[in-house]
Structures are given as C-alpha cells and as structure tokens.
Amino acid sequence: MKRKEQAMTYFREGYNCAQSVFLAFCDLTGFDQKTALHLAAPFGGGIGRQREVCGAVSGMCLVAGALYGYDDTKNKDAKAAHYKMVQELCARFRKRAGGSILCRDLLGAEGRDTAATPADRTQAYYEKRPCVELVGEAADILEQWIKKHPIA
C-alpha cells in the first residue's frame, strides 16, 4: 500500500490529520506508533482545532524534520536548506489544495468551528470535508520528495 492510501486509511480509522500523515512514515522516521501519535496529536484540526496550519501539512513537516532536519545551530546553510525544503513541500501542497495551507481556508464554512470537541466521524463528516483527501495529498507529496531526495 502506498503511503497516500495508508495515511488516508489512518484518517478514516479516527486518527487526526497530522497523526495520519506522520504514522504513514514511521518505518522511515524510526518512531514507534505510540510516540508518533503523541508527537503529532496537538497538530490536528489546524493545531488543536484552532484552524491554523492544516494538520496534514504539520504531519508532513514533522516527517521532513525527522528525516532531513538539522541539529547544528551554527550551520546557517543547513537551516536555510531545510527551510527551503519545507517551503517547497508547502508550495506543492498549496498547489494541490487550491491555494492554502490553512485549515480554516481548506474547510470553508466548516473552518469557523474551533470548539475543542472534534466532530463525530460520520459518513456526512467524510462527505463534506476534504480532510481525507488532503491527508493523502500530503503523504503523496512527501513520498515523491523522498524518492527524489534519498535520506542520508
């Protein structure tokens, strides 16, 4: 199963958008499932359902950091290269998602709901929200990036 389908399956199982993308790459990041779920948990719903940066994008960025991140604070070139990569991943997501990486924009009218309690995952939920597709797009973008940029 491709990572896109795996991420979409995780989302349909009830994991949030960030968790779904992050889980699809655990074999590469080395994180066990429980740790990955805990790390990505706050980013669902645009950071705790605040409708800020899309959780699928946050999950994609978490994986990018785990695989390609830098750890030398004095190495400005490494930092710049990492930020450039993240900007490119986000630009690819924007292009596929209709111009935004913000949860509230991607959800339209649904994006005004910032209550802490998430909506029930009913058939109607999946029919009116683009989240499962966006999770798939984020995973696909990252999978394609990894194929062209092997992990060191």
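We did not get these values from a lab; they are worked out from the coordinates using the rules stated. Given the structure is predicted, the values throughout are model-derived calculations rather than measurements. Because the Cβ atoms are built from the backbone with ideal geometry, glycine has one as well, and the counts that use them run over all protein chains shown.
Once the mean 1/r over all distinct Cα pairs of segment 3-148 is inverted, what Kirkwood radius in angstroms do you read off?
On the way: mean 1/r = 0.0657 Å⁻¹.
Hydrodynamic radius (Kirkwood, Cα only) of segment 3-148 equals 15.2 Å.
How high is the relative contact order of the chain, given as a whole-number percent (alpha carbon pairs under 8 Å, six or more residues apart)?
Numbers: 192 pairs, mean separation 46.9, N = 152.
Worked out over the chain, it gives 31 percent.
Roughly how many debye, to the nearest 20, is the charge dipole of the chain about its Cα centre, given +1 on each Lys and Arg Cβ, -1 on each Asp and Glu Cβ, and no other charges?
That gives the chain a dipole magnitude of about 340 debye.
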In nm, to one decimal, how far is the modelled label at Thr114 from the one at Ser100, with both set 7 Å along Cα→Cβ?
1.3 nm
Using the Karplus curve 6.51 cos²θ - 1.76 cosθ + 1.60 with θ = phi - 60°, what ³J(HN,Hα) values do you get for each residue of segment 10-21, in whole Hz, with x for Gly and Pro?
4, 4, 5, 7, x, 6, 6, 4, 5, 4, 4, 5
Positive end of the dipole of segment 57-152, charges at C-beta (+1 Lys, Arg; -1 Asp, Glu), about the Cα centre: which of Ala139, Leu102, Ala91 has its Cα farthest in that direction?
Ala91
